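Each value in this text was obtained by applying a stated rule to the coordinates, not by laboratory testing. Just so it is clear, the model here is predicted, and its values are computed rather than measured. Glycine also receives a Cβ, built like all others from the backbone with ideal geometry; neighbour counts cover every protein chain displayed.
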Amino acid sequence: MASLNKVVLIGNLTADPELKTTQTGISVTTFTIAVQRRYSSAQTEGQPTADFISIVAWRKSAEFVCKYFTKGKPILVCGSIQTRNWTDQNGNKRYVTEIVADEVGFVESKNQGDSAQAPAHGSSLGTPSFDNTGASKFEEVTDEDNLPF
């Protein structure tokens, strides 16, 4: 049976991200983005509706987010849905569903135009894509005669 767990979101940060480090020295940040929903009902007609989605970024992606993004800034996140559960100090079972970011990137706003931006780490509109290791996913083609089209 085939399965797929891939999420692509564009939203705005609801607060400044904060870089933390695990006991083993791995960088991590957890942040929330507001993503507008297209759905409307009779009660919400004319009013924008947003979902607030929790995101976790690790290692270089976490460092990138904390360095270049602040509250209110748009961000592109590609990742997967993860559900965790644990028992709290009072013995209650707790659950959380979050997006684990594989790639993060800038979203170019209309008023930024062609202005210079900081380097990208992850998918972003108008810039090359980078994976979680920082390596570019694009290859330079040097021999155009061998192209399949």
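Worth pointing out:
- Computed packing ranks the peptides 94-106, 18-30, 75-87, 52-64 as 52-64, 94-106, 75-87, 18-30, most packed first, by mean other Cβ atoms within 10 Å.
- Projected label distance in nm at Ile10 and Asn90, using a 7 Å step from Cα toward the beta-carbon: 4.1
- Length added when fully stretched, Leu19-Arg38, from 0.36 nm per residue minus Cα-Cα: 3.7 nm
- Computed label-point distance, nm, for sites Gln47 and Ala2 using a 7 Å Cα→Cβ extension: 4.1
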